[in-house]
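No lab work stands behind these numbers, since they all come straight from the coordinates. Quantities reported herein were computed from a predicted structural model and do not represent experimental measurements. Backbone-built Cβ (ideal geometry, glycine too); neighbour counts: all protein chains shown.
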Amino acid sequence: MKKAVYAGTFDPITLGHLDVIERSAKIFDLIYIGVAARVKKNTLLDVNNRYDLVVESVKHLNNVHVTIFNGLLVDFVRECQASVIVRGLRVLSDFEYEFEMASANKKLYPDVETMFLPTSLEYSFLSSSLVKEVACLGGDISIWVPLCVSKTLENIYKKTGNNG
Ligand code: COA
C-alpha cells in the first residue's frame, strides 16, 4: 500500500490545500494529513480548530486520515509508515524553500522522498495569510476556502469586531 504524508499549519485550510489533497488521494492508496501543532508563526486558530476544519473539509475523501503531529515531520512520516512527503508548489519562489526542506528531510530520513505537485493555476497566489487578511477586512473568502472555514473566520472577526 502506497502511503504519503501532506503536512502543514493549515491556519486555515484553503481550497489550494484541498486541491493538492484531492489530487494526491488519486495517486496514493492512503494520505495522512499532518496538522502541525508547534509552528514558528503565530496562528489565528488553535491546533484543535485547525484540525477540525481539515477533518470537515476532507470528509468526502475516504482514503485521507487527519492527525495532529508534534515535532519533526520525518518522525510523523515514520509513524505513519509512509515513504513520501507531498508538497504543493505554487510559484517559482516556493522552490528554494521547498528544496531546502526536501533536502533536510532526506538527510534526517534517507528513506523518504518528497514529491511536488504544481498547484492548480487558480490557487497559485493563495495562502492562509491572504485569506485571513481578506476575511479580517470584511472581504468574501468563500471562493478560496471550504464553507466551514469561511463560517469560522466570519464568526471570529464578527466577535472581535475586527474590521482591520
Ligand atoms: N494552496 C494554498 N496555500 C498554500 C498551499 C496551497 N497548495 N501550499 C502552501 N500554502 C500556504 C500555506 O497556507 C502557508 O500560508 P501562510 O504562510 O500564510 O500560513 C504558506 O503557503 C506556506 O506553506 P507551508 O510551506 O506548507 O508552511 P506551513 O506552515 O503550512 O507548513 C510545515 C510547514 C508544518 C510542513 C513545516 O514547518 C514542518 O515540516 N514542520 C515540522 C518541523 C520540522 O520537521 N521541521 C524541519 C523541516 S526541514
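Once the Cα gyration tensor of the stretch 65-125 is diagonalised, what are the square roots of 5 times its eigenvalues, in whole Å and ordered largest first, as equivalent ellipsoid semi-axes?
Values: eigenvalues 99, 41, 19 Å².
Its equivalent ellipsoid spans semi-axes of 22, 14, 10 Å.
Find, among the trypsin sites (Lys or Arg not before Pro) in the stretch 38-120, those assigned to loop by DSSP (not H, G, I, E, B) with at most 12 other beta-carbon atoms within 10 angstrom. Show your work: numbers first, answer last.
Values: sites: Arg38, Lys40, Lys41, Arg50, Lys59, Arg78, Arg87, Arg90, Lys106, Lys107; in loops: Arg38, Lys40, Lys41, Lys59, Arg90.
Here the trypsin sites (Lys or Arg not before Pro) that fit, given the DSSP loop and packing criteria, are Arg38, Lys40, Lys41, Lys59.
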What per residue convex hull volume, in Å³, do the alpha-carbon atoms of the stretch 94-144 yield?
100 Å³
Spatial separation of Cα centroids for the stretch 112-164 and the stretch 12-79, in angstrom
15 Å
Kindly express, to the nearest 10 degrees and within the range 0 to 90, the angle between helix 147-160's C-alpha long axis and the longest C-alpha principal axis of the chain.
50 degrees
Name the long-range amide H neighbours of Phe69: under 5 Å, sequence gap of 5 or more, or other chain; modelled H, no Pro or chain starts.
Val35, Ala36, Ala37
Compute the angle between helix 47-57 and the longest alpha-carbon principal axis of the chain, please, reported from 0 to 90 degrees and rounded to the nearest 10.
90 degrees
What Kirkwood Rh does the stretch 23-164 have if only Cα atoms enter the pairwise 1/r average? Answer in Å.
16.8 Å
Taking only Cα atoms, what is the 0 to 90° angle, nearest 10, from helix 94-108's long axis to the longest principal axis of the chain?
40 degrees
Less than 25 Å apart at the alpha-carbon level, and either on another chain or at least 8 residues along: which lysines does that give for Lys2?
Lys26, Lys59, Lys106, Lys107
